Amino acid sequence: MPWFLCCNNNKANCNLYYEKRPSNNGSDYVDPHSGMVIGDPHFTTFDGFYYTFLGLGEFWIFKSQDDVFSMQGRFTQYLNTGATVCTVYVMQHRSIEGDTTIQLSLMKDYIEIMIDGQVVTLDSRPNTKRSIAHKGAFIAINSQKDIRITFSSGYSFKFTYDPYVINMIAMLDVNLKNTFRGLFGNFDDNQENEFTYPDGRVIPKNSKAKEIHDFGMNWKVDCQDSLFTYPDGKSYENYQDDNYVPRLEPIDVDKLPPKAKEICGDNYECLFDFAVTGNQEMATSTKTTVDTFTSIIQSLSVTCPRLSAPRNGSLQVRNYFVGSIVKLVCNDNFAVQGNDSMTCARNARGELSWQGTLGQCVQKNKCANENSWLQWLCEHGLQA
């Protein structure tokens with residue numbers, strides 16, 4: 001209503017309106033960064049680096065340098081294979097509302113939620129949703145197998161159930177850069193230092209599998225630092241096995257059966273899980289999570305690039321979101337040469353970009369005249 005009164009009926013007040021209520025066209029929006037841990041376990045860091053770590057035990061996924069947020073994960077052996085899977089995540093968060101610990105555990109047919117040591121009762125009925133707000137954490141329970149947790153400090157997670165693993169997709173605010181270490185590496189737009197040890201030592205990102213495994217094992221949780229709530233009769237020692245030998249040799253995709261290609265296509269994480277575990281269901285779940293991760297990244301790109309004002313003209317554009325149309329308007333005595341508009345659309349890679357190319361404003365012919373004879377005289381240097 002204020003805009004209508006100021007800018008629709010009385011143009012003289014429109015500039016005053018925008019002075020007091022400047023518009024936000026989304027040009028300053030910065031996408032949150034995404035990462036994931038899926039299958040047996042494949043990491044995609046927030047700097048876009050991919051690697052596989054088949055450690056067994058309890059590890060620091062995130063270790064915040066300011067102690068605001070920490071996450072630990074429990075990797076257990078998958079059946080009798082050389083692969084491991086993450087079956088429990090525990091998160092500790094500190095906010096002005098107080099400290100809280102949230103643990104998610106893989107159960108037979110669902111994901112168990114535990115808040116500050118107390119199990120949350122879940123409704124087993126399908127399509128039953130529930131939300132919980134607790135000390136700076138917001139938990140959205142879409143189902144017993146789909147849980148999303150957002151923390152006020154800028155961390156957000158999507159956990160999904162698989163009969164053998166909890167797959168996790170994470171999204172972080174860009175303000176969290178350089179605030180944590182752990183298996184998720186460094187969040188600093190630099191892939192070269194993802195493999196940073198607790199003591200600060202760095203190994204190259206193209207290190208061999210054995211060296212990567214050593215890096216991961218150095219992020220193992222010590223007994224006194226464990227955040228986990230253990231089942232009755234069990235403790236930290238029950239989930240450690242120094243004699244476990246992971247599979248470190250690369251897989252040969254060409255030697256996989258046709259069924260693997262049918263299920264996975266060219267998705268390496270899916271092919272890896274199929275080769276190591278031989279479980280089609282697990283490989284399919286891995287591919288589904290990768291596809292979800294890709295769609296999330298695409299959806300986070302919500303604006304087209306900012307456009308600069310053209311020479312001898314201006315742009316009319318309401319915002320930079322998908323479907324927006326920008327129109328080229330030329331100054332007096334200038335006319336549009338080429339296209340006078342283009343649309344913000346999503347390309348094949350899921351990115352938002354302007355479709356088409358705007359023309360330019362060129363000076364009108366000073367001799368323009370409806371009388372063809374006078375036009376001829378003007379164009380030949382004579383004054384009509």
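Can you find a residue that is closer than 22 Å to residue 170 by Cα and either touching a His at 6+ places or on another chain (Cβ under 7 Å) or exposed (fewer than 15 other Cβ atoms within 10 Å of the Cβ) (or both) anywhere in segment 88-99? Scanning segment 88-99, I find at least one residue that is closer than 22 Å to residue 170 by Cα and either touching a His at 6+ places or on another chain (Cβ under 7 Å) or exposed (fewer than 15 other Cβ atoms within 10 Å of the Cβ) (or both), so the answer is yes. Of everything in segment 358-384 that is modelled with pLDDT of 65 or more and open to solvent by less than 100 Å² (accessible area, probe 1.4 Å), the residue that is nearest to the chain's Cα centre (by Cα) is 358. If I ask for residues that are assigned to a strand (DSSP E or B), among the aliphatic types (A, V, I, L, M) and farther than 30 Å from residue 77 by Cα, which ones from segment 123-179 would you list? If the condition is that a residue be assigned to a strand (DSSP E or B), among the aliphatic types (A, V, I, L, M) and farther than 30 Å from residue 77 by Cα, then 132, 133, 137 are the ones that fit. Among the helices (runs of 4 or more DSSP H) confined to segment 238-332, the ones with at least 3 residues that are in contact with a strand residue (DSSP E or B) (Cβ under 6 Å, 6 or more places away or on another chain) and farther than 30 Å from residue 357 by Cα are located at 280-300. If you check 337, 280 for being closer than 30 Å to residue 166 by Cβ and modelled with pLDDT of 85 or more, only one passes: 280.
Condition check: modelled with pLDDT under 90, open to solvent by 30 Å² or more (accessible area, probe 1.4 Å) and of a type in the set (Phe, Trp, Tyr). Does residue 239 satisfy that?
Working: modelled with pLDDT under 90: no; open to solvent by 30 Å² or more (accessible area, probe 1.4 Å): yes; of a type in the set (Phe, Trp, Tyr): yes.
It is false that residue 239 is modelled with pLDDT under 90, open to solvent by 30 Å² or more (accessible area, probe 1.4 Å) and of a type in the set (Phe, Trp, Tyr).
Annotation: residue 46 fulfils all but one of (1) open to solvent by less than 20 Å² (accessible area, probe 1.4 Å); (2) modelled with pLDDT of 95 or more; (3) farther than 23 Å from residue 277 by Cβ; (4) touching a Leu at 6+ places or on another chain (Cβ under 8 Å); the unmet one is (2). A Cβ distance below 6 Å, combined with a sequence gap of six or more or placement on separate chains, defines the contacts here; from segment 280-294, residues that are crowded, with 16+ Cβ neighbours inside 10 Å reach residues that are outside any helix (DSSP H, G or I) and of a type in the set (S, T, N, Q) in the pairs 287/267; 289/167; 290/267.
Could you give every pair whose Cβ atoms fall below 6 Å, whose first residue belongs to segment 73-90 and is without any contact (Cβ under 8 Å) to a residue 60 or more places away in the chain, and whose second residue is outside any strand (DSSP E or B) and open to solvent by 10 Å² or more (accessible area, probe 1.4 Å), counting only separations of at least 6 or pairs across chains? Every condition considered, the pairs that remain are 75/56.
The values are calculated or read from the model by the stated rules, or taken from the named source; none is laboratory data. Being a predicted model, the structure only gives us computed values, none of them experimental. Glycine also receives a Cβ, built like all others from the backbone with ideal geometry; neighbour counts cover every protein chain displayed. Each accessible area value is taken on the protein alone, full model and side chains, heavy atoms only, with ligands, DNA and RNA left out. Shrake-Rupley method; radii C 1.70, N 1.55, O 1.52, S 1.80 Å.
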